[in-house]
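Q: First, the structure itself, so that you have it in front of you.
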2 protein chains.
Amino acid sequence: MGKNLTSRSEDYSKWYNELVVKADLAENSGVRGCMVIKPYGFAIWEKMQAQLDKMFKETGHENAYFPLFIPKSYLSKEASHVEGFAKECAVVTHYRLKNAEDGSGIVVDEDAKLEEELIVRPTSETIIWDTYRKWVQSYRDLPLLINQWANVVRWEMRTRLFLRTAEFLWQEGHTAHATRKEAVEEAEQMMHVYAEFVEEHMAVPVIKGTKTESERFAGAEETYCIEALMQDGKALQAGTSHFLGQNFAKAFDVKFASKEGKQEYVWATSWGVSTRLMGALVMTHSDDNGLVLPPKLAPIQVVIVPIYKGEEQLDAISEKVEPLVKELRSKGISVKYDKRDTHKPGFKFNEYELKGVPVRLAVGQRDLANGTFELARRDTLEKESVKAEDVVARIETLMHEIQDNIYNRAHAYRAEHITEVDSYDEFKVLIEEKGGFISAHWDGSSETEDRIKEETKATIRCIPWNVEEQEGKCMVTGKPSSRRVLFAKAY
Amino acid sequence: MGKNLTSRSEDYSKWYNELVVKADLAENSGVRGCMVIKPYGFAIWEKMQAQLDKMFKETGHENAYFPLFIPKSYLSKEASHVEGFAKECAVVTHYRLKNAEDGSGIVVDEDAKLEEELIVRPTSETIIWDTYRKWVQSYRDLPLLINQWANVVRWEMRTRLFLRTAEFLWQEGHTAHATRKEAVEEAEQMMHVYAEFVEEHMAVPVIKGTKTESERFAGAEETYCIEALMQDGKALQAGTSHFLGQNFAKAFDVKFASKEGKQEYVWATSWGVSTRLMGALVMTHSDDNGLVLPPKLAPIQVVIVPIYKGEEQLDAISEKVEPLVKELRSKGISVKYDKRDTHKPGFKFNEYELKGVPVRLAVGQRDLANGTFELARRDTLEKESVKAEDVVARIETLMHEIQDNIYNRAHAYRAEHITEVDSYDEFKVLIEEKGGFISAHWDGSSETEDRIKEETKATIRCIPWNVEEQEGKCMVTGKPSSRRVLFAKAY
Ligand SMILES: [Zn+2]
Ligand SMILES: [Zn+2]
């Protein structure tokens, strides 16, 4: 397998598109904008799902499943919500096909037209809140802490594997609470859960913050987000959590009897992450040789490649390797022993580099004689010779070291790419030439935000939580500002 | 909670519909034919999924994800396949909504009509084989052993929760092989995997067999199935596995270079089970008091209910219960300690009976004094007093005993309801009055099969594998038959 991968410096965007396909993560399907997630890519997504699901359950959430279809009238009930989604809806209008009368093939049966069109869910607030009305009568029924793993569809015109696809996989949490305070706390909690997952498991550092009004979710009173930085200096929104106020409760008439016996509207949150995280994972760590995967999410953590001529040599190697495979597996490390005789070692080295396997062991005749393995780590591409008796311990350490190292590397890159700026002229230059996050004062108005976006394509990624209040002046209008916000061009 | 559950003898169908809703498994949504799977029901489905997924991986399969939408032209490529699904397809025709010009609300934007309609997948053979064409060049690329967990839509006119819904959840395996023999073996293997899962985990006995030509999957050369028997004497098809021959390879032009360098069409299988299994689980074991769940799939295996007056008594009970909860959890047993003070013990007893929790412990003042727990098992409703020091061991034993007991009970019921019949007159009486499976000779023709179906509503569930060849005469036509087949009315 020749990698023939475009380099990042040559064309970052092309590098990404090629890598996703060549590393067997995903590919485009025959359906415009819809991807096929291939087994290797899906194995990574499964590991993400398993960890997130565990964290959701630890914070008291249960899973459920709601319909794929949303009646058009439901979508229309919350005004700003339908405004946000109407332009990208897949609409089901008929429920039957038939043979064309002129024998020209299969056609839609016009006699099977739906009375009301159904929308393929772009998100499920409306169908879920229509259900919650039946589930909530009293304060005793609250909180409802429910998550759904599902596919959703948003008809995007320009699509890219994982980053923007017409159909994608995600989870959407939808919770219902008796008080504003509890709902706000839930929305904040889930932002923290997302940040912990992305940092600890994906090894991707994120900035927690609040969205400005114009970047809010359609129907939310407040949107919290985590923002990551890719190697090309563009930001990527990795997860969002919304405090929805009583908007959906009012639209769907969901009230409860409080302890005092009063009828009150329920308070809501929703929060989600999607297969977009796969894009963030690829773009944060990978290099010109291919994927670099964090050990915690790598489907194969260690690959062992024998170097041999003839069956006798292979048998001698296998005798040493097979007990090692067992021992590593008993420690919960996933290992592949690749003794295919249809491919040369060099081909295999390339393939596992491309696929981001964190540790590669090679073993040939000299290693056999010396009682060693040649170990190569994917993150640094460094090689070392390790004694057979030390190899398990070394691999256990490396699982941790590689996880930490790629996090630290991404963190260092980001630290170099947060720039404080006080003049709009400087801002315009930096956003083009250096990229990354720019921390600047802003007067708080949507007008200024829009103007900056039009003139520079940069948006306010968030009002970061880790930044102190600070008196200042908007870099554009000179009006007073109470804190810096983070700008970037974004995916 | 008053159960107010219709009894099985009064109206079996009503009993089922009520039970599914009252036990919090699922309910109808505002979208015709689409169900909401509630958290308690979904927790059972998750346990099924986890076990099946493990068994699929142990037999070498990987998960992947393919698009929700299928272009109409793809569906049309395999003639008998489209014939089988065209009448129940949800069709996407537009990709945008807009505000009506007359201000009457949100309407479909006629300018956003798709050039080619998209079908919401009723099953994924076509989109997957369109993809496999790109993945298979050489015998080295085979076999492909892939599974997908997904939602599918079949526009059923009369729906029932879990048993027949417009949208349902399932898994669909799709494999590609170099030889007919290997594909047939795969299809057979998956029938055995399904049988093992349904019998060992759901505690539902099944009969393995082959479908007749008229009951085959649309596009299959052979369909294998497992058939279960419900308490009302009706059969339920619990899973199917199809040998697809080269039909889809030919329709989608999927060829490979054999070892000898020849271009050959690939051989295919597909196999699936769905949330229908939830219906089978409910209808096999449950009784007039509610659900009866097999311990292996019960979200809560043991519930502990304190019986007390005042906080002091509750504290004394909790002191005994909390270490027990810990110990049970350390043994992998899921326990709920329900000390809600908003509900009386009798209400709780009813609720957990309705929800099928296998073991209930109650503990009151007398138990405290005697150092005992009152234990009730859900399957037999028997109660016993167990010494505190024996309770963990007793529960561990019971997990096994209850699992076996409900299997044996279902097996005994089925054994009593397989009747050998040699005359069509007797058949007609028995199928009405006794129900169950009827084992009879049949001449092998679709004409006779159709006639029996029209006249009695019974279908051939399968040609069972566990039945010896036997010379005989068709009960209807008197023509020669080489083995008995199984008839039943079915869900
Ligand atoms: Zn560490
Ligand atoms: Zn047993």
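Q: Near the amide H of B:Ala238, under 5 Å away, which other amide H atoms are found, from residues 5 or more places off or on another chain, if H is placed in the peptide plane?
A: B:Ile226, B:Glu227, B:Ala228
Q: I would also like to ask the following. At 0.36 nm per residue, minus the direct Cα-Cα distance, what do B:Glu312 and B:Glu433 gain on full extension? Give it in nm, one decimal, please.
A: Length gained between B:Glu312 and B:Glu433: 37.7 nm.
Q: So for B:Trp267, B:Trp15, B:Trp135, fewest C-beta neighbours within 10 Å to most, what's the order?
A: Values: B:Trp267 28, B:Trp15 22, B:Trp135 17.
Least to most surrounded, the residues fall as B:Trp135, B:Trp15, B:Trp267.
Q: So, one more: Going by C-beta contacts inside 10 Å, put A:Phe217, A:Phe487 in order with the fewest on the left.
A: On the way: A:Phe217 23, A:Phe487 28.
Least crowded to most crowded, the residues run A:Phe217, A:Phe487.
Q: What percent does the relative contact order of chain B come to when contacts are Cα pairs within less than 8 Å and at least six residues apart? Spell out each step's value before the answer.
A: Numbers: 959 pairs, mean separation 68.8, N = 491.
The value is 14 percent.
Q: List, largest first, the extents of the alpha carbons of chain A along their principal axes, each in whole Å.
A: Each principal axis gives a Cα extent; for chain A these are 80, 69, 55 Å.
Q: Additional query: From the label point of B:Gln470, set 7 Å along Cα to the beta carbon, how far off in nm is each other copy's matching point, shortest first?
A: Once sorted, the set of distances for B:Gln470 reads 8.8 nm.
Q: Evaluate the relative contact order of segment A:55-214 (contact order divided by residue number), counting alpha-carbon pairs under 8 angstrom at least 6 apart; express in whole percent. Spell out each step's value before the answer.
A: Numbers: 194 pairs, mean separation 34.4, N = 160.
Over segment A:55-214, the number comes to 21 percent.
Q: Something else: For A:Ser104 paired with B:Val107, estimate the spin-label separation in nm (one decimal), with each label point 7 Å from Cα along the Cα-to-Cβ line.
A: Distance between the two pseudo-spin positions: 2.6 nm.
Q: Run down the aspartates and glutamates and flag those whose C-alpha is under 17 Å from the C-alpha of B:Lys255, throwing out any fewer than 8 positions away in its chain.
A: Partners found: B:Glu78, B:Glu125, B:Asp130, B:Asp141, B:Glu182, B:Glu264.
Q: So what J values fall out for segment A:371-378 if you push phi through Karplus, 6.51 cos²θ - 1.76 cosθ + 1.60 with θ = phi - 60°, rounded to Hz, Gly and Pro as x?
A: Karplus values, whole Hz, x for Gly and Pro: x, 10, 10, 8, 10, 10, 9, 6.
Q: Next up: Counting DSSP beta bridges in segment A:306-412, what percent are antiparallel, to the nearest 5? Before the final figure, lay out the partial values.
A: On the way: 9 of 10 bridges.
Expressed as a percentage, antiparallel bridges in segment A:306-412 total about 90.
Q: Then there is this: With θ set to phi - 60° and the Karplus curve 6.51 cos²θ - 1.76 cosθ + 1.60, what are the ³J(HN,Hα) couplings of segment A:96-106 in order, to the nearest whole Hz, using x for Gly and Pro?
A: Whole-Hz 3J(HN,Hα) from phi for segment A:96-106: 7, 10, 8, 6, 4, 5, 7, x, 7, x, 8.
Q: Moving on. Counting other Cβ atoms within 10 Å, keep those with at most 16, restrict to DSSP loop, and tell me which trypsin sites (Lys or Arg not before Pro) in segment B:346-442 are left.
A: Working: sites: B:Lys348, B:Lys355, B:Arg360, B:Arg366, B:Arg377, B:Arg378, B:Lys383, B:Lys387, B:Arg394, B:Arg409, B:Arg414, B:Lys428, B:Lys434; in loops: B:Lys355, B:Arg378, B:Lys434.
Counting only loop positions with at most 16 other Cβ atoms within 10 Å, the trypsin sites (Lys or Arg not before Pro) in segment B:346-442 are B:Lys434.
Q: Evaluate the relative contact order of segment B:302-398 (contact order divided by residue number), counting alpha-carbon pairs under 8 angstrom at least 6 apart; express in whole percent.
A: Relative CO of segment B:302-398 lands at 30 percent.
Q: Ranked by Cβ crowding within 10 angstrom, fewest neighbours first, how are A:Asp367, A:Asp232 ordered? If you can, show how the numbers build up before the last one.
A: On the way: A:Asp367 20, A:Asp232 16.
Final ranking by Cβ density, sparse to dense: A:Asp232, A:Asp367.
Q: Under the rule a/c < 1.5 gives rounded, and otherwise a/b versus b/c splits prolate from oblate, where does segment B:410-452 land using the Cα gyration tensor? It would help to have the intermediate numbers written out before the result.
A: Numbers: a/c = 2.42, a/b = 1.84, b/c = 1.31.
In terms of gyration-tensor shape, prolate.
Q: Counting DSSP beta bridges with both partners in the protein assembly as shown, what percentage is antiparallel, nearest 5?
A: Numbers: 149 of 179 bridges.
Once the DSSP bridges in the protein assembly as shown are tallied, antiparallel ones form about 85 percent.
Q: For chain A, what proportion of DSSP beta bridges, expressed in % and rounded to the nearest 5, is antiparallel?
A: Values: 72 of 87 bridges.
Taking every DSSP beta bridge with both residues in chain A, the antiparallel ones total about 85 percent.
Q: Related question: Give, in whole angstrom and from largest to smallest, the semi-axes √(5λ) of the equivalent ellipsoid of the protein assembly as shown, with λ running over the eigenvalues of the Cα gyration tensor. Before the final figure, lay out each step's value.
A: Details: eigenvalues 425, 284, 220 Å².
For the protein assembly as shown, the ellipsoid semi-axes come out as 46, 38, 33 Å.
Q: Could I ask something else about it? What average number of partner chain Cβ atoms lie no more than 10 Å from the Cβ of the residues making up A:105-112? Before the final figure, lay out the partial values.
A: Numbers: counts 4, 10, 4, 6, 4, 0, 0, 5.
Mean shielding by partner chains, rounded to a whole number: 4.
Q: I'd like the GluC sites (Glu not before Pro) in segment A:47-102 restricted to DSSP loop residues with at most 10 other Cβ atoms within 10 Å, sorted by number.
A: Details: sites: A:Glu58, A:Glu62, A:Glu78, A:Glu83, A:Glu88, A:Glu101; in loops: A:Glu78, A:Glu101.
Counting only loop positions with at most 10 other Cβ atoms within 10 Å, the GluC sites (Glu not before Pro) in segment A:47-102 are A:Glu101.
Q: Could you pull out which residues in segment A:130-162 have an amide N less than 20 Å from a spot 7 Å beyond the Cα of A:Ala257, following the Cα-Cβ vector?
A: So the set is A:132-144.
Q: May I pose another question? Taking only DSSP H segments of four or more residues, each worth -39500 (n - 2.57), what value at 222 nm results for the protein assembly as shown once the sum is divided by all its residues, to the nearest 500 deg cm²/dmol? Write out the running numbers ahead of the final one.
A: Numbers: 28 runs with 346 residues, N = 982.
Calculated mean residue ellipticity at 222 nm is -11000 deg cm²/dmol.
The numbers here are math on the coordinates, done by the rules we state, and not lab data. As the structure is a prediction and not an experimental result, all values here were calculated from the model. A quick note on method: Cβ atoms are made from the backbone with ideal geometry, for glycine too, and the neighbour counts reach across all protein chains shown.
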